[in-house]
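First comes the structure, then the notes that go with it.
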Protein chains: 2
Amino acid sequence: MEVPLSSARPLRADARRNREALLAAAREAFLSGDTDSHVEEIARSAGVAVGTLYRHFETREALIEEVYRKEVDELCAAPAELLERHAPEEALRRFLLLLVEHAAVGKGMSVALESIMATASPVFETARTQMANALTQLLDAGVAAGVVRDGITGPTLLRALGGICGMRATEGWQGEARQITALLFDGLRYGTAS
Amino acid sequence: MEVPLSSARPLRADARRNREALLAAAREAFLSGDTDSHVEEIARSAGVAVGTLYRHFETREALIEEVYRKEVDELCAAPAELLERHAPEEALRRFLLLLVEHAAVGKGMSVALESIMATASPVFETARTQMANALTQLLDAGVAAGVVRDGITGPTLLRALGGICGMRATEGWQGEARQITALLFDGLRYGTAS
DNA sequence: ATCGTATCCGGAGTCGGATTCATTTTAGGT
DNA sequence: ACCTAAAATGAATCCGACTCCGGATACGAT
């Protein structure tokens, strides 16, 4: 992501700096709840003018998407690692909880997942596939080990999780998220010799 | 809802007619996918001017919310009826599926549930409580009959369902919705002498 | 150190869409 | 038929995303 495609010239140093600053500022703004922060504000708090923001990002949306995409990238690294360290069942359980934790940090991740789920935007297509693959990995391992029911696909589970993460609305949602996660987890194992 | 509070004067006949027409037009617009239909369009297709729309609804948002609220009202009538007709377990199962069916009709219901879940808007507070109560009813009956695990509250299940309904994005989501519903259903029964 | 140029600044201006309000019309009681 | 409060109208206003352009500046290749 950071490395430019072979054909493209690398960004000039100051340009890159600004781009980074913008992403940071946007992240800041979004994660701290202000989902509808104004473009001008973001630009200002990044120390640049709006024009500069638009030099780097097609639209306000594009900026938001980029922020979310980065969040998702991070999360998608987890499954492979978890599977190395733990048995399939435990890996799955941990990943589900990890999701909740991430969502807890800020609204960022939950909004990210929600957006990824709820829009058909091709921009999110990559992220969606990425997440689905990560989940498929976990599910397959679980099925192979006989601790997870067959017939649930990565994309399906992704949808269910996307829903769960969309619940950042009220106080005390975190506990509920855990409950629902447990519910899903048990649902996945239903009919299996647990 | 329809009956004015004792203190308020009843709406003039034409006013009520217009209000109704606006709600109908809005419903039409939203249910047929056009979530971002313009205020002017809605007004025009209801045969009134924008000003009239604003006489009846504080903001565009308020109109949308009203439409969704009515949808939810309908759905909330179901649990009581289902419990009369079926055993708790079956009633629960049917209600979950009913949700999917409703969402299938148009995007209306799914958007409704999603919105109700995702915003902290006090306007949805009523609807949220209403739905939660409906679910609590089902869960309690299930727990009493020993077919549902204890410890899951109405609001919690509501959140999980809200998530499920938010998945109207892609083709073939309906099948997935069923899968997830089954997942949840089984999760609810986990650890029970099914 | 110097030059060519990519990038930035700043903000005025466009545009689309939601919201308002002074004016006109109408329902419905007398 | 007439009167008045309620309701409707729609042009005007507001707001925020997005564009554009004429300098000013910072890079980095030489």
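What to note about this one:
- Among the numbered conditions (1) within 13 Å of DNA strand C (Cβ to nearest atom); (2) farther than 25 Å from B:Arg128 by Cβ, the only one that B:Ala25 does not meet is (1).
- Sole exception among (1) surrounded by 13 or more Cβ atoms within 10 Å (Cβ to Cβ); (2) away from DNA strand D (no atom under 14 Å from the Cβ) for B:Val48, by number: (2)
- Screening A:Ala29, A:Ala8, A:Ala91, A:Ala78 for residues that are more than 14 Å from every other protein chain (Cβ to nearest Cβ), more than 9 Å from DNA strand D (Cβ to nearest atom) and modelled with pLDDT of 90 or more leaves exactly one candidate, A:Ala91.
- Inside segment B:158-190, residues that are at pLDDT below 80 and either outside any loop (DSSP other than H, G, I, E, B) or in contact with a helix residue (DSSP H, G or I) (Cβ under 7 Å, 6 or more places away or on another chain) (or both) make up a count of 21.
- Test: B:Val50 is at pLDDT 95 or above and not assigned by TED's automatic domain parsing to the domain that holds B:Val147: yes
To keep it simple, each residue is scored yes or no on (1) β-branched (Val, Ile, Thr); (2) surrounded by 15 or more Cβ atoms within 10 Å (Cβ to Cβ).
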position: B:Ala15; (1), (2): no, no
position: B:Glu20; (1), (2): no, no
position: B:Ala25; (1), (2): no, yes
position: B:Ser37; (1), (2): no, yes
position: B:Thr59; (1), (2): yes, no
position: B:Val67; (1), (2): yes, yes
position: B:Glu89; (1), (2): no, yes
position: B:Phe95; (1), (2): no, yes
position: B:Glu101; (1), (2): no, no
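The values are calculated or read from the model by the stated rules, or taken from the named source; none is laboratory data. From a predicted model like this one, the values you see are computed outputs, not experimental measurements. So basically every Cβ, Gly included, is an ideal-geometry build from the backbone, and we count neighbours across all protein chains shown.
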